[in-house]
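Colleague: The structure that follows is given in the form of structure tokens.
Only the coordinates and a few stated rules stand behind these numbers; no lab work does. This is a predicted model, so every value here is computed, not measured. As a convention, Cβ positions derive from the backbone with ideal geometry for all residues, glycine included, and neighbour counts pool all protein chains shown.
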Ligand SMILES: Nc1ncnc2c1ncn2[C@@H]1O[C@H](COP(=O)(O)OP(=O)(O)O)[C@@H](O)[C@H]1O
Ligand SMILES: [Mg+2]
């Protein structure tokens, strides 16, 4: 994280809302690596579904818990969806070929990214999802360069009733 990065905090009120925010993010974070952290059931995979939707992917997005890496192609772009839950360190990540997905033409999204954080390139987008008091409420903490965050904030303002 750079000193000039900015964190944007947004609350979502149900899974559809998280998907909608993810879809908005897709256009802002094109060609970036997105690291998502948060407990089991926080909504990481639902945010991934939204991002894929925003990229125009119509295939059903499933959690890559067992196969670790899923790949979805659309026109000329690729959505890489990784789950690093069962990886313990950078060595594990290199073994599964992480370097091949770190300069995405599309988006690379990594759940449980804290397990392999040392392998990520500078300038990755960091998202932390926290469960709220209400069962369907989540807080998303999104950190990236200020310009991208401001662009995303405008899109969210224009496209949702916030
Ligand atoms: N605001 C919300 N955003 C995302 N998921 C939510 C929300 N509220 C409730 N949920 C539920 O929480 C669960 C999130 O699951 P999932 O996305 O697989 O989490 P993770 O990938 O972090 O383990 C789903 O059962 C979903 O229906
Ligand atoms: Mg998941």
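Colleague: Using Cβ counts within 10 Å as a stand-in for footprinting exposure, how do 130, 158 rank, fewest first? Before the final figure, lay out each step's value.
Modeller: Details: 130 16, 158 9.
Ascending number of Cβ neighbours within 10 Å: 158, 130.
Colleague: Can you tell me the FRET efficiency between residue 160 and residue 59 if r is taken as the Cβ-Cβ distance and R0 is 25 Å, rounded to the nearest 0.05? Write down the numbers at each step before the final one.
Modeller: On the way: r = 25 Å, r/R0 = 0.99.
Once rounded, the FRET efficiency stands at 0.50.
Colleague: Multiply the residue separation of residue 114 and residue 90 by 0.36 nm, subtract the distance between their alpha-carbon atoms, and state the gained length in nm to one decimal. Walk me through the numbers on the way to the answer.
Modeller: Working: separation 24, 0.36 × 24 = 8.64 nm, distance 1.05 nm.
So the extension gain works out to 7.6 nm.
Colleague: If you stretched the chain out fully between residue 13 and residue 133, how much longer would it get, using 0.36 nm times the residue separation minus the C-alpha to C-alpha distance?
Modeller: Values: separation 120, 0.36 × 120 = 43.20 nm, distance 1.11 nm.
Full-extension gain reported as 42.1 nm.
Colleague: Would you mind putting 136-144, 89-97 in packing order, based on average other-beta-carbon counts within 10 Å, highest first? Please report the intermediate quantities before stating the final value.
Modeller: Numbers: 136-144: 19.4, 89-97: 13.3.
Ranking, from highest mean packing down: 136-144, 89-97.
Colleague: Between helix 146-159 and the chain, what is the angle of the helix's C-alpha long axis to the longest principal axis, kept within 0 to 90° and rounded to the nearest 10?
Modeller: 50
Colleague: Taking Cα pairs under 8 Å and at least six residues apart, what relative contact order does the chain come out at, in percent? It would help to have the intermediate numbers written out before the result.
Modeller: Working: 313 pairs, mean separation 57.4, N = 162.
Result for the chain is 35 percent.
Colleague: Can you give the FRET efficiency to the nearest 0.05 for residue 151 and residue 2, using r as the Cβ-Cβ distance and R₀ = 25 Å?
Modeller: Numbers: r = 17 Å, r/R0 = 0.68.
Plugging the Cβ-Cβ distance into 1/(1 + (r/R0)^6) gives 0.90.
Colleague: When the helices in the chain are scored as -39500 (n - 2.57) per DSSP H run of 4 or longer and the sum is shared across all residues, what 222 nm value do you end up with, to the nearest 500 deg cm²/dmol? Intermediate results must be reported in sequence, preceding the final value.
Modeller: Values: 4 runs with 45 residues, N = 162.
Mean residue ellipticity at 222 nm (helix-derived): -8500 deg cm²/dmol.
Colleague: What is the Cα centroid distance between region 112-138 and region 22-86, reported in whole angstrom?
Modeller: 13
Colleague: Of 46, 81, how do they rank once you tally other Cβ atoms within 10 Å and put the fewest first?
Modeller: Details: 46 23, 81 26.
The fewest-first ordering by Cβ neighbours comes to 46, 81.
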